[in-house]
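*Asks:* Handing you this structure, nothing more for now.
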Amino acid sequence: MQMTSVMGKSRIILTMTARFINEAISFLVFCFLDLVDFLLCFLFKSVDMLLDSEFRPCYCSSSAKEAITSSGKILVSEQGGESKIVSLSSTKLMLEDISDTLYSRPSLVSEVSRLTMNELKRLKLEDPILAQSKRGNNSRCSSFTVNTTIVEMLQGKIGKHDVHNQIPRWSDCDCKECCSWIQPSQTNLYVKSQFPTSGETREDVLFIHGFISSSLFWTETLFPNFSSEARSNYRLFAVDLLGFGKSPKPSESLYTLREHLDMIEKSVLEAHKVESFHIVAHSLGSILALALAAKYPNYVKSITLLAPPYYPVPKGEAQATQYVMRQIAPRRVWPPMVFGASLLCWYEHITRMICFLICKNHRLWIFLTRLITRNRVRTFLLEGFFSHTHNAAWHTLHNIICGTAAKLGTYLEKVKENPNCKVTIFHGKNDEVIPIECSYDVVKMIPSAELRVIDDKDHITIVVGRQKDFARELEEIWNSTNKN
C-alpha cells in the first residue's frame with residue numbers, strides 16, 4: 001500500500017512537472033512566433049507592393065478591419081465580440097456573420113498582461129458598493145456601431161473595389177490546374193459526380209470534405225468501393241468547397257458560412273434538381289452539413305458525420321468565437337497536433353509563408369513524393385492538401401469553425417427535432433485533430449444519434465484504409481432510412 005501511494009504521488013509530481021515544462025516552453029516559443037509573424041507582416045507588405053503594385057490590409061495591424069472593408073463590404077460591429085458584414089451585390093443587400101477571431105488575436109505577452117491586470121482589479125474590488133456599481137455598468141443593452149465605411153459607401157467612395165477580382169496573388173500558385181476556374185463560364189463549384197448507368201435514380205448523396213482537402217478524399221476512396229446496387233440507385237456528388245480543390249478561389253471573398261452554403265446550393269442542389277438526399281461530411285464539412293440539414297429539414301434523410309468539430313460554449317461565455325479558438329488552438333507546443341492547430345489559428349503571416357512554400361510549389365512536392373516512393377504511394381491526399389489559397393484557408397478556418405460557435409447548438413436542435421433525419425457519427429479513437437469528446441457532445445444534443453468509435457483509427461484513417469468497410473456502412477445507413 002505504501003509503495004502504491006508513493007508511485008501515485010510520483011506520477012502526480014511528474015505530470016505537474018511535465019505540464020509546467022510544456023507551458024514554460026510554449027510561452028517562449030509563441031512569444032518568438034509573435035515576433036516572427038510581426039516581421040513577416042512587413043516582409044509581405046513590401047513584396048506585395050513590389051510584385052502586385054499594392055498591399056492588401058491584413059488582420060494583425062491597427063487597420064485589421066480594413067482587410068474586410070477593403071473588399072467593398074461594410075463592417076458592423078456589435079458589442080460583445082460578434083461581428084457582421086453588409087455585402088452588396090447588384091441585386092440585393094445581405095447581412096452575414098464573420099468571426100471576430102479574424103482581427104482579434106492578441107499576442108501571448110499582451111494576453112498574459114491583460115489577464116494579470118484583470119486579476120489585480122478583481123482583487124481590489126472588495127468594496128461591495130463598488131462591486132455593485134461595476135455590475136450595474138455592465139448591464140446595458142447591446143448596440144451596434146456602424147463602421148465609417150458606411151459613410152464612404154453613401155458618398156460613393158468605395159465603388160472602385162472590384163469584388164470579382166480573379167487575379168491570384170504572387171504567393172498563390174498560378175499554374176494551369178490551380179487557375180482553371182478563372183474563366184467567365186466557371187461560376188459554380190467543381191463537382192465530381194457519379195450517376196447510375198440505368199438512368200433511374202432513387203436518391204442523391206452529397207459528400208462534403210474537411211479543412212484543406214478536396215473531393216478526392218471521397219472519389220479516390222469510397223466511389224470505387226460502392227456496390228453495384230448503390231451505384232444503380234444513387235447519384236453521388238462530391239464537391240470541392242469554395243476556395244479548395246478545383247473550385248473558384250476568389251481573392252476578395254471572406255469565405256463566410258453563407259458563401260459556402262450558397263455555392264453548394266447553386267452548384268449541386270439547384271443545378272441537379274436535388275430533392276431527397278443524404279449527406280456525408282468530414283471534419284469542418286460537418287458544420288456545413290448541419291447547416292444544410294437545419295435549412296432543408298424536409299429533404300435531408302440522413303447525415304453521416306465524421307469527426308465533427310463541435311465545442312459546446314459554456315453558458316455565460318461572452319465571446320463564443322474566442323472560446324472555441326482557444327479550445328482548438330491553446331498555444332501549446334505539445335502534443336504536435338495542438339501546436340499545428342495553434343499555428344494555423346493564430347498566425348496569419350506565418351501560415352501565408354507556409355502556404356507559399358508548400359502550395360505554390362505543389363508540383364515539386366508531388367514529384368519528389370512520387371520519386372522517393374517510386375510511385376508506390378498514392379498522392380491524392382497531398383493533391384487535396386495543396387489545392388487551396390491562403391486567403392481561402394484562413395477565412396474558412398475562422399469563419400466556419402470559430403465563427404459558427406454560437407450557431408451550432410441551434411443547428412443541432414433543429415436536426416434533433418426532425419424525426420425523419422437519421423444521424424450517425426463516426427470518430428477514430430486515435431484522432432488527435434478533433435477530440436472524441438466532440439462527438440460525445442453531439443450525441444448529448446441529439447440522443448437519437450448513433451456514435452461509432454473506430455479503434456486504432458485517426459482523423460484520416462477513419463476513411464482511408466477502411467474505405468470498403470465504410471462504403472458498406474454507408475449503404476446500410478441509406479437503406480435503413482428507406483425501410484422506416
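The values are calculated or read from the model by the stated rules, or taken from the named source; none is laboratory data. These figures come from a predicted structure and were not determined experimentally. Cβ coordinates were reconstructed from backbone atoms using ideal geometry, including for glycine residues, and neighbour counts include every protein chain displayed. Ligands, DNA and RNA are stripped out before the accessible areas are found, and what is left, the full protein with its side chains, is counted by its heavy atoms. Shrake-Rupley method; radii C 1.70, N 1.55, O 1.52, S 1.80 Å.
*Asks:* Does residue 440 qualify as being out of contact with any helix residue (DSSP H, G or I) (no Cβ under 9 Å at 6 or more places or on another chain), open to solvent by 20 Å² or more (accessible area, probe 1.4 Å) and in a helix (DSSP H, G or I)?
*Replies:* Values: out of contact with any helix residue (DSSP H, G or I) (no Cβ under 9 Å at 6 or more places or on another chain): yes; open to solvent by 20 Å² or more (accessible area, probe 1.4 Å): yes; in a helix (DSSP H, G or I): yes.
Yes: the conditions hold for residue 440.
*Asks:* Would you mind telling me which numbered condition in (1) over 27 Å from residue 344 (Cα atoms); (2) loosely packed, with under 15 Cβ neighbours inside 10 Å; (3) not β-branched (Val, Ile, Thr) residue 429 fails?
*Replies:* Looking at each condition in turn, residue 429 falls short on (1).
*Asks:* Still on this structure, please answer the following. Of 33, 28, 102, 75, which residue is at pLDDT 90 or above, aliphatic (A, V, I, L, M) and open to solvent by less than 30 Å² (accessible area, probe 1.4 Å)? Please lay out each step first, then the result.
*Replies:* On the way: 28 fails: open to solvent by less than 30 Å² (accessible area, probe 1.4 Å); 102 fails: at pLDDT 90 or above; 75 fails: at pLDDT 90 or above.
Within the list 33, 28, 102, 75, the selection yields 33.
*Asks:* Which residues, counting only those in the range 11-24, are open to solvent by 80 Å² or more (accessible area, probe 1.4 Å) and closer than 17 Å to residue 339 by Cβ? Working first, answer last.
*Replies:* Of the range 11-24, the ones open to solvent by 80 Å² or more (accessible area, probe 1.4 Å) are 11-14, 16, 19-21, 23.
Across the range 11-24, the qualifying residues are 19, 21, 23.
*Asks:* Cβ-Cβ below 6 Å, separation at least six or inter-chain, first residue in the range 171-195 and basic (Lys, Arg), second open to solvent by less than 50 Å² (accessible area, probe 1.4 Å): which pairs?
*Replies:* Here the result reads 192/215; 192/219; 192/238, each pair linking the range 171-195 to a residue that is open to solvent by less than 50 Å² (accessible area, probe 1.4 Å).
*Asks:* Out of all the residues in the range 202-225, which are out of contact with any Asp or Glu (no Cβ under 7 Å at 6 or more places or on another chain), open to solvent by less than 60 Å² (accessible area, probe 1.4 Å) and in a loop (DSSP other than H, G, I, E, B)? Spell out how you get there, then give the answer.
*Replies:* Applying the first criterion (out of contact with any Asp or Glu (no Cβ under 7 Å at 6 or more places or on another chain)) to the range 202-225 yields 202-213, 217-225.
From what's left, open to solvent by less than 60 Å² (accessible area, probe 1.4 Å): 203-213, 217-219, 221-223, 225.
Passing the criteria: 209, 210, 211, 212, 213, 221, 222.
*Asks:* Just checking, does the range 464-476 include any residue being over 26 Å from residue 297 (Cβ atoms), modelled with pLDDT of 95 or more, in contact with a Gly (Cβ under 8 Å, 6 or more places away or on another chain) and in a loop (DSSP other than H, G, I, E, B)?
*Replies:* No, that holds for no residue.
*Asks:* Taking only pairs six or more apart or across chains, which ones have beta-carbon atoms under 8 Å, a first residue in the range 295-310 that is at negative phi and among the aromatic types (Phe, Trp, Tyr), and a second residue that is surrounded by fewer than 24 Cβ atoms within 10 Å (Cβ to Cβ) and in a loop (DSSP other than H, G, I, E, B)?
*Replies:* Partner pairs satisfying both residue conditions: 299/274; 299/275; 299/276.
*Asks:* Kindly indicate whether any position in the range 458-471 is open to solvent by 50 Å² or more (accessible area, probe 1.4 Å), hydrophobic (A, V, I, L, M, F, W, C) and over 20 Å from residue 327 (Cβ atoms). Give the derivation first.
*Replies:* Filtering the range 458-471 for residues open to solvent by 50 Å² or more (accessible area, probe 1.4 Å) gives 458, 460, 465, 468-469.
Now drop any that are not hydrophobic (A, V, I, L, M, F, W, C), which leaves 460.
Filter once more, keeping what is over 20 Å from residue 327 (Cβ atoms): 460.
Yes, that holds for at least one residue.
*Asks:* Looking at the range 36-59 only, could you name the residues that are acidic (Asp, Glu) and surrounded by fewer than 15 Cβ atoms within 10 Å (Cβ to Cβ)? Can you show your working first?
*Replies:* Pass one, the range 36-59, residues acidic (Asp, Glu): 37, 48, 52, 54.
Correct list: 52, 54.
*Asks:* Any residue in the range 336-346 that is in contact with a Phe, Trp or Tyr (Cβ under 6 Å, 6 or more places away or on another chain) and open to solvent by less than 50 Å² (accessible area, probe 1.4 Å)? Spell out the reasoning first.
*Replies:* Here is the first cut: in the range 336-346, the ones in contact with a Phe, Trp or Tyr (Cβ under 6 Å, 6 or more places away or on another chain) are none.
So far as the range 336-346 goes, no, none of its residues is in contact with a Phe, Trp or Tyr (Cβ under 6 Å, 6 or more places away or on another chain) and open to solvent by less than 50 Å² (accessible area, probe 1.4 Å).
*Asks:* Exactly one of these conditions fails for residue 240: (1) among the acidic types (Asp, Glu); (2) touching a Ser or Thr at 6+ places or on another chain (Cβ under 7 Å); (3) open to solvent by 10 Å² or more (accessible area, probe 1.4 Å). Give me its number.
*Replies:* It is condition (3) that residue 240 fails.
*Asks:* So is residue 276 open to solvent by 10 Å² or more (accessible area, probe 1.4 Å), within 23 Å of residue 347 (Cβ to Cβ) and modelled with pLDDT under 95 or not?
*Replies:* Numbers: open to solvent by 10 Å² or more (accessible area, probe 1.4 Å): yes; within 23 Å of residue 347 (Cβ to Cβ): no; modelled with pLDDT under 95: yes.
Spelling it out, it is not the case that residue 276 is open to solvent by 10 Å² or more (accessible area, probe 1.4 Å), within 23 Å of residue 347 (Cβ to Cβ) and modelled with pLDDT under 95.
*Asks:* I want to confirm something. Restricting to the range 370-388 and keeping residues that are among the polar types (S, T, N, Q) and open to solvent by 20 Å² or more (accessible area, probe 1.4 Å), which single residue is farthest from residue 342 (Cα to Cα)?
*Replies:* Filtering the range 370-388 for residues among the polar types (S, T, N, Q) gives 373, 375, 379, 387.
Now drop any that are not open to solvent by 20 Å² or more (accessible area, probe 1.4 Å), which leaves 373, 375, 387.
Values: 373: 31, 375: 33, 387: 21 Å.
The extreme case among them is 375.
*Asks:* Another one. Of the numbered conditions (1) of a type in the set (A, V, I, L, M); (2) in contact (Cβ under 8 Å) with a residue 40 or more places away in the chain; (3) more than 30 Å from residue 60 (Cβ to Cβ), residue 13 fails exactly one; give the number of that condition.
*Replies:* Residue 13 satisfies every listed condition except (2).
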